[in-house]
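Notes follow the structure.
Bear in mind that the values in this text are calculations on the coordinates, not laboratory data. What you see is a predicted model; the values in this text were computed from it and never measured. Counting neighbours? That spans all protein chains shown, and the Cβs are built from the backbone with ideal geometry, glycine included.
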Amino acid sequence: MSVSSEKQGLNQEYSLCMPKDFERSRNLLQQVYEKQVVLEYIFTRGITAYGGIRVNNRGFHKEVSVKYSIDQWKTASFKLTITNDELLLMLSTKDSTSSILPMSISFAICYVVHEHNFWDNNYSLDYILEIEENTEKRSKSILLDDAFRVQIAKDYRAISHGSDQAGIVCGLKNLGGTCFMNSVLQSLLFTSPLTSYFLLNEDMKNISVSNEIIVNEYLNLIYLLFCKKYAVIIPVPFKQIIGHMQDIYFENQQQDAHEFLLFLLDYLHEDLIRIKSTSIIVDLFHGTYKSTTTCIDCEHFSINFETFVCLTLPIPLTSRCTLEDCLQHLYEDEYLADDSRWFCSECQRLCNGKKRLEIYKLPKILIIQLKRFQLNHEFNWIKNDTLVLYPADNLSLQQSCPSSSSQQALYTLYSVISHQGSLNDGHYTTFCRDNEQLQWFECDDEKIKYFNSDKLDSNSNAYLLFYIMKNAT
Ligand SMILES: [Zn+2]
């Protein structure tokens, strides 16, 4: 559920918040059984409130609406997405045309099924969202405000470490098929130049909750993961906010970790360039391909440059190979003939050509996707389980990037996302190296274990490899 005020200029001046004494429902299942409809959780970011509603599944045709009141009772129904018994909805108050803003919005939830109406009206008290004026003193950045930190930890239902566990990595609870997201978040957290930027750069103290929505929530999340106070957090707020940005992440189901990684980096980049014209995403992750197409007839050639965020490498059909074999495969000449002939500006006609790819600029953070999922002749997705041996240290890309010096082209591994099982019911986990502790961890949702790095390089489930340039300037 999302309640958002759309009045012009409201963003900077006001925020919604739940009353300080608000407690989330306890004994959820018992309450759903008794009341049929329950507001499961609610959290606010700027002028938006997000929530989840749980109903007893009493029939196929069901309808949930929120009735809210500002100055007097108004009734509206809203766009809904239904996932099993969980309902998420979005509501906007477009009617705040008066110059005096109300102090609060009260609301209750109505569930209609088989012509019966059921209500969750907070035991007749209604739910209240307070409208607060933003002042200099009330900063809404997790980097600046202790009270805000406590609230964010509450939103994520953060569970503290026992005193003897300090320094261990914080786990992320699986929300149902969301291991793809948890794995990517852990790998990005351990991308130390990225995390340092988010936690230390001055620009991060001035982000707007309402404009830089993804950057703001990513900052909240990595702050909780990094602060070493918590053993487990439940990433519902992050998941719900990205679900509102991209439909496929709305429901709790398995998605491709590689696609999610690209989606997240792209959205972070879009938010960051609004704050400043450059972005750390470009600085760290963007590399450049150079492709040279040569005419077979006249040897005239043309050069194109293209940005990449991730190197996608096909895996040869064998039981065992090295990462270098996969890289080799990528840079083999591609012959352009028949339907894929190329227009040669010298010959002034379509000619057979040959295309060669190389890396022109290496990224500081190199992400490699091993292309394990492929469509077979019957158009079914199949998984390639070939064991790809990859170096944990001193991966050299000099052959792929002839313009680099041998020192520049050296990389160290710091994270690996693995995919076990089949495409539809598989599971993602991630291995990450902690720079401070010089220790590897295995993150399997909320389960975190120390990991022996000797076992790192023989992993036939490795799907995404994260390398950092050794001599990045
Ligand atoms: Zn030609």
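Some observations on this one:
- Ellipticity at 222 nm from helices only: DSSP H runs of n ≥ 4 in the chain, each -39500 (n - 2.57), divided by the residue count, give -6000 deg cm²/dmol.
- Seen from a random direction on average, the alpha-carbon convex hull of the range 219-335 projects onto 12.4 square nanometres.
- Remark on Cys401: its backbone amide H falls under 5 Å from those of Ile359, a criterion applied only to residues 5 or more positions apart or on other chains, H modelled at 1.01 Å from N.
- Expressed to the nearest 5 percent, the antiparallel share of DSSP beta bridges inside the chain is 90 percent.
- For the range 438-473 versus the range 313-349, the spacing of their alpha-carbon centroids is 30 Å.
- Taking 7 Å steps out from each Cα toward its Cβ at Asp297 and Leu199 produces label points 6.1 nm apart.
- For the cross-link pairs Lys228/Lys371; Lys229/Lys361; Lys67/Lys229; Lys228/Lys383; Lys154/Lys449; Lys229/Lys371, the ones whose C-alpha atoms lie over 32 Å apart are Lys228/Lys371; Lys229/Lys361; Lys67/Lys229; Lys228/Lys383; Lys229/Lys371.
- Helix 257-275 vs. the chain, principal-axis angle (Cα, 0 to 90°, nearest 10): 70 degrees
- In order along the range 357-364, the Karplus-derived 3J(HN,Hα) couplings, from 6.51 cos²θ - 1.76 cosθ + 1.60 at θ = phi - 60°, round to 10, 9, 8, 8, 10, 7, x, 5 Hz, and Gly and Pro are given as x.
- Pairwise label distance in nanometres, Ala337 with Lys383, each label 7 Å out on the Cα-Cβ vector: 3.7 nm
- Values of log10 I(q)/I(0), in the order q = 0.14, 0.18, 0.20 Å⁻¹, for the range 392-473 under a Debye, Cα-only, solvent-free model: -0.56, -0.82, -0.93
- Net charge dipole size for the chain [Lys, Arg +1 and Asp, Glu -1 on Cβ; Debye, nearest 20]: 540 debye
- Amide H within-cut-off set for Cys351, under 5 Å, with H built and near neighbours excluded: Trp342, Phe343, Cys344
- Full extension of the chain between Lys154 and Lys361 gives 70.2 nm of extra length, using 0.36 nm per residue less the Cα-Cα distance.
- Annotation: amide H-H contacts under 5 Å for Gly171 (H modelled 1.01 Å from N, sequence separation of 5 or more, or interchain): Val232, Ile233.
- Cα centre as origin, Lys/Arg/Asp/Glu Cβ charges: the range 225-272 dipole, Debye: 480 debye
- 3J(HN,Hα) from dihedral phi, the range 307-312, Karplus parametrisation 6.51/-1.76/1.60, rounded to Hz, x for glycine, proline: 7, 10, 10, 8, 8, 9
- Gln348 versus Asp247: modelled label distance in nm, points set 7 Å from Cα along the beta carbon direction: 4.9 nm
- For the range 175-215, the orientation-averaged shadow of the C-alpha convex hull comes to 3.7 nm² (one quarter of the hull surface).
- With eigenvalues of the C-alpha gyration tensor scaled by 5 and rooted, the chain, Å: 46, 25, 24
- A simple charge model with +1 on the Cβ of Lys and Arg, -1 on the Cβ of Asp and Glu and nothing else charged puts the dipole of the range 184-343 at about 1020 debye relative to its Cα centre.
- Between 0 and 90°, nearest 10: helix 213-226 axis offset from the chain longest Cα axis: 90 degrees
- Computed log₁₀ I(q)/I(0) - Debye formula, equal Cα scatterers, no solvent, the range 287-469, q 0.10, 0.11, 0.17 Å⁻¹: -0.50, -0.59, -1.14
- In degrees, nearest ten, helix 179-189 long axis to first principal axis of the chain (Cα): 70 degrees
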